[in-house]
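Below: one structure, written as structure tokens.
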Amino acid sequence: MSSLRIFLESKNFKRVALKKINSNHFEFRAKVNGISGTFILDTGASNSCIGMDSITHFGLKVMESEVKAAGAGATNMFTQIAKGYSLVIGEWELKKVDFVVFDLTHVNEALQIAEAEAVNGIIGADVLKEARAVIDYGRNCLYIKK
């Protein structure tokens with residue numbers, strides 16, 4: 001029997017190494033708008049997000065949003081939206097991604113308590129679905145369809 005890696009790569013999936021951090025999240029580097037940042041993978045997040053403190057870092061233009069965000073440890077948070085930005089993960093690229101932009105302080109404080117580094121954002125189910133993502137938890141990697 002062939003390995004998951006051989007099978008997925010034969011189907012044009014690209015492998016992205018993930019780093020398991022102290023909080024048990026998977027962390028990885030990605031580019032938004034051509035600029036590198038650190039993200040965590042969160043299959044439970046319906047939308048991919050970028051922290052308000054990273055708006056300038058990625059050169060985002062944000063618009064107001066009436067949607068309120070909720071996540072572990074925080075609810076009813078003010079959000080903005082950044083529409084139509086490129087996202088590159090490894091060799092995979094999506095040209096028009098919308099990001100929910102909100103205060104990720106509570107996320108980064110939780111990461112700090114777990115002795116992990118702060119992140120610029122979260123890649124959620126919207127991108128994972130678009131990428132036809134397969135997560136190999138045993139090998140700490142992500143496969144995304146090219």
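Ordering of 83-90, 135-142 by packing is 83-90, 135-142, highest average first (other Cβ atoms within 10 Å, averaged per residue). Seen from Val32, the other residues with C-beta closer than 13 Å to its C-beta sum to a net charge of +4, counting Lys and Arg as +1 and Asp and Glu as -1. Ordering of 113-121, 43-51 by packing is 43-51, 113-121, highest average first (other Cβ atoms within 10 Å, averaged per residue). With a threshold of 22 Å on the Cα-Cα distance, the over-threshold entries among Lys31/Lys129; Lys31/Lys96; Lys19/Lys95; Lys14/Lys83 are Lys19/Lys95; Lys14/Lys83. Only protein atoms count toward the accessible area here, which uses a 1.4 Å probe; on the chain, the carbon and sulfur part of that area reaches 49 percent. Summing charges over neighbours of Asp98, with a neighbour being any other residue whose Cβ is under 9 Å away from its Cβ, gives +1 when K and R count +1 and D and E count -1.
The calculated 222 nm mean residue ellipticity attributable to helices in the chain amounts to -4500 deg cm²/dmol, summing -39500 (n - 2.57) over DSSP H runs of n ≥ 4 and dividing by all residues.
Taking a Cβ cut-off of under 15 Å around Asn22, the surrounding Lys, Arg, Asp and Glu residues balance to a net charge of -2, with basic ones at +1 and acidic ones at -1.
Entry note, the chain: relative contact order of 33 percent, from Cα contacts under 8 Å with a spacing of 6+ residues. Magnitude of the charge dipole for the chain, about its Cα centre and with charges confined to Cβ atoms of Lys, Arg (+1) and Asp, Glu (-1), is about 800 debye.
Surface analysis of the chain yields an accessible area of 58 Å² per residue, using protein heavy atoms and a 1.4 Å probe. Both the radius of gyration and Dmax for the range 36-146 are 13.8, 40 Å, in that order, over alpha-carbon atoms.
The values are calculated or read from the model by the stated rules, or taken from the named source; none is laboratory data. What you are looking at is a predicted structure, and each value in this text was computed from that prediction instead of being measured. All Cβ positions, glycine included, derive from the backbone under ideal geometry; neighbour counts span all protein chains shown. Only protein heavy atoms, including side chains, enter the accessible area calculation; ligands, DNA and RNA are left aside. Shrake-Rupley method; radii C 1.70, N 1.55, O 1.52, S 1.80 Å.
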